[in-house]
Amino acid sequence: MMAPHASCFLLAVVFSMSCKAITSLNQMCTEKEANSTYNCENLGLTGVPDTLPNTTEFLEFGFNFLPTLENTTFSRLVDLIFLDLTRCQINWVHEDTFQNHHQLNTIVLTGNPLIFMAETSLNGPMSLQHLFLIQTGISNLEFIPSQNLENLESLYLGSNHISSIKFPENFPTQNLKVLDFQNNAIHYLSSEDLHALEKTTNLSLNFNGNDIKGIEAGAFHSKIFQSLNFGGTLNLSVVLKGLQNSSIQSLWLGSYEDTDDQDLTSAMFDGLCEMSVESINLQKQYISDISSTTFRCFTQLQELDLTANHLNELPSGIKGMKALKKLVLNVNIFDQLCQISAASFPSLLDLSIKGNKKKLDLGVGCLEKLENLQKLDLSHSDIEASDCCNIQLKNLSHLQYLNLSYNEPLGLQSQAFKECPQLEGLDLAFTRWYVKGPQSPFQNLHILQVLNLSHCLLDTSNQHLLTGLVDLRHLNLQGNHFQDGSISKTNLLQTLRSLEILILSSCDLLSIDKQAFQSLGKLSHVDLSYNNLMGNSIDALSHLQGIYLNMAANNIHVIPSHLLLTLSQQSTINLSHNPLDCTCSNIHFITWYKENLQKFEGSEDTKCANPPSLKGVKLSDVKLSCGITAMGIFFLVVFLFLIALLLIFSVKFLLRWKYQHI
């Protein structure tokens, strides 16, 4: 009759073990890099918190309350390099506010309703390079203090009420590289306005959203710009005439979704003949009388962007565009690839026809005159082909990157890319394709390094599918499925001995054979997130060292102690969003985890799922006590005492019985 009672005592010992969470007090500011980089945004602060170290260099302090900046506000943070004060309701910036900040090179005052900035308010920094005064209510450039701005490289003044870009005479502009006036009230540019910018070289000047209605003749004469942006200007002929005799590397003349399309004429582009331009963007414009003569003044261009120009064809007979290296024809209405008149651009290296609004027929040899083409993007264009892709890509022997993602089903021949043996990157994501021959469609791509096959509904049981990819470094198989949710010892990955990055997220995986990745000895990045893997799947990586391992959002409850050696060999691990057990059955892993927090990313979302009392608690905050408690010791002593009594009585009983039967 003692056995049931003994079992009860054992259960009492087990259940007397205890576990509890110790939660640490979070710092007021988020530390991004120890003693250097902090985020204190949106905390309702009215000053620098005492917890912020004096060694802080990069500080994001936006969305707090600092109506006045004085020389004491940030005085103890003398090592500041970057200071972001976005939307802190700042009205006043007083004298010598930054006098102690000699290393400060970036000040962000975006979104503050500034009333006053003292002339010496920016004194102190030895090399202030970047100043953001976006949406601060400025209406006149004389408002900006000019002292100590000799080293200023970028000045952002967008979304204000500025109507003239005329700087005060003593304002130092000689080192400016970026000057941003977007979304102001500037409608006219005079020679006097631009006089202060004469000493600048390769300036990027942004007038986007200002609707320039007039430019004084000669205002841009002999000036050299890195880029000019006149986006949203309704009358482009005014701009093109006003820029005569200037030199511009990149000219942006596009429009936007929320503005009406402008009806341009070919004559408007005559002004291009009187300037030097390398790149033009005409996004969302419409040329009503487009013909070969439209491009008469485009002969110097190296890049041309005609995105969303309502084009159903480019005219044949375009001459003189041998300098063009990049052509963007996204979001147009071509029926067939041959309608782009590729022969007119014989030196083209980069061609993009992404997001065509009609089903795009690849035709036969439409690009064969582009023998120097290196990059081709045909994604999101409803392309469908039953016999792809050699006749369509004829003579593209120098092609290095091809994007056919987000298209309709493709039938790939054996050696489907025989015409493109120099391919280094191939993207077929979200394009369902099937193999029409016995050999791999990638058989001849010996130097391909990046292959994206995500969400392609692949036949992963075909072990020869990826044969020939001897130099493949990066493979994305996200969203494909394996038979029975398992990667077996023999699989389609075995021939990829040069592989470094493998993405197998969202593949509904349940298990991975221990030998599945044995031939992939060069792996440095493995993403197995968003599957249903258990902890023992980690064993498949036991031969690898120093890798980035992402196993977030799986079904890992417990990680056996013998797998900790495998984890300890890796450089970065993500186990967030797993239903981890925070019980004594997982004590070895939890202890190791807390000792190696520097290895883990996503620690904020690495939480307990069991027991219910610890659900949602961060793993790093859990403290388990898995030894026998005082109550447990008491029960154990009582249990042993009763066992001893049982033995004594049993021996006495046996001896008495023996003597009675002699």
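Computed values, structure above
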quantity	calculated
Residue that is farthest from E150 (Cα to Cα) [pool: residues in segment 172-196 that are surrounded by fewer than 19 Cβ atoms within 10 Å (Cβ to Cβ) and hydrophobic (A, V, I, L, M, F, W, C)]	A185
From L410, L423, L337, residue being within 25 Å of L469 (Cβ to Cβ), of a type in the set (A, V, I, L, M), touching a Cys at 6+ places or on another chain (Cβ under 6 Å) and buried (at least 18 other Cβ atoms within 10 Å of the Cβ)	L410
Test: residue in segment 140-149 that is under 33 Å from the mean Cα position of the chain (by Cα), surrounded by 18 or more Cβ atoms within 10 Å (Cβ to Cβ) and in contact (Cβ under 8 Å) with a residue 24 or more places away in the chain	no
Criterion (part of a strand (DSSP E or B) and within 19 Å of Q392 (Cβ to Cβ)) met by exactly one of L327, L314, L304, L348	L327
The one condition in (1) in contact (Cβ under 8 Å) with a residue 12 or more places away in the chain; (2) surrounded by fewer than 20 Cβ atoms within 10 Å (Cβ to Cβ) that D258 fails to fulfil	(1)
Qualifying residues in segment 500-514 (those that are outside any loop (DSSP other than H, G, I, E, B) and within 28 Å of the chain's Cα centre (by Cα)) - the one farthest from L453 (Cα to Cα)	I501
Members of segment 534-553 that are in a loop (DSSP other than H, G, I, E, B) and crowded, with 23+ Cβ neighbours inside 10 Å	M551
G209 vs. criteria on the phi > 0 side of the Ramachandran plot, surrounded by fewer than 15 Cβ atoms within 10 Å (Cβ to Cβ) and outside the structural domain of T97 (by TED's automatic domain parsing)	no
Those residues of segment 468-499 which are surrounded by fewer than 17 Cβ atoms within 10 Å (Cβ to Cβ) and either in a loop (DSSP other than H, G, I, E, B) or at positive phi (or both), in sequence order	V470, D471, H481, D484, G485, S488, K489, T490, R497, S498
Scope segment 240-271; condition in contact with a Gly (Cβ under 8 Å, 6 or more places away or on another chain) and not small (G, A, S); matching residues	L240, K241, L243, Q244, N245, W252, L253, Y256, T259
Positions within segment 212-271 being under 20 Å from Q182 (Cβ atoms), touching a helix residue (DSSP H, G or I) at 6+ places or on another chain (Cβ under 7 Å) and not in a loop (DSSP other than H, G, I, E, B), in sequence order	G214, I215, L236, L240
Qualifying residue in segment 12-32 (condition: modelled with pLDDT of 90 or more, surrounded by 13 or more Cβ atoms within 10 Å (Cβ to Cβ) and within 30 Å of P612 (Cα to Cα))	yes
Any hit, segment 579-589, residues being assigned to a loop (DSSP other than H, G, I, E, B) and either outside the structural domain of A540 (by TED's automatic domain parsing) or crowded, with 18+ Cβ neighbours inside 10 Å (or both)	yes
Some residue of segment 569-577 being on the phi < 0 side of the Ramachandran plot, part of a helix (DSSP H, G or I) and touching a residue at least 12 places away in the same chain (Cβ under 8 Å)	no
Failed item in (1) modelled with pLDDT under 95; (2) buried (at least 18 other Cβ atoms within 10 Å of the Cβ), with S461 passing the rest	(2)
Filtered residue count, segment 276-316, keeping only those that are surrounded by fewer than 19 Cβ atoms within 10 Å (Cβ to Cβ), within 15 Å of L240 (Cα to Cα) and touching a Ser or Thr at 6+ places or on another chain (Cβ under 6 Å)	2
Selection status of H557, assigned by TED's automatic domain parsing to the domain that holds N532, touching a residue at least 12 places away in the same chain (Cβ under 8 Å) and either touching a strand residue (DSSP E or B) at 6+ places or on another chain (Cβ under 8 Å) or in a helix (DSSP H, G or I) (or both)	yes
Every residue from segment 125-139 that is buried (at least 18 other Cβ atoms within 10 Å of the Cβ) and either hydroxyl-bearing (S, T, Y) or farther than 19 Å from F61 by Cα (or both)	T136, I138
Residue within segment 96-118 that is part of a loop (DSSP other than H, G, I, E, B), touching a helix residue (DSSP H, G or I) at 6+ places or on another chain (Cβ under 8 Å) and polar (S, T, N, Q) present	no
Residue in segment 46-76 that is modelled with the lowest pLDDT, counting only those that are of a type in the set (A, V, I, L, M) and in contact with a strand residue (DSSP E or B) (Cβ under 7 Å, 6 or more places away or on another chain)	L52
Qualifying residue in segment 593-603 (condition: within 26 Å of the chain's Cα centre (by Cα), assigned to a loop (DSSP other than H, G, I, E, B) and within 25 Å of K32 (Cα to Cα))	yes
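The values are calculated or read from the model by the stated rules, or taken from the named source; none is laboratory data. These numbers come from a predicted model, not from an experiment. Glycine also receives a Cβ, built like all others from the backbone with ideal geometry; neighbour counts cover every protein chain displayed.
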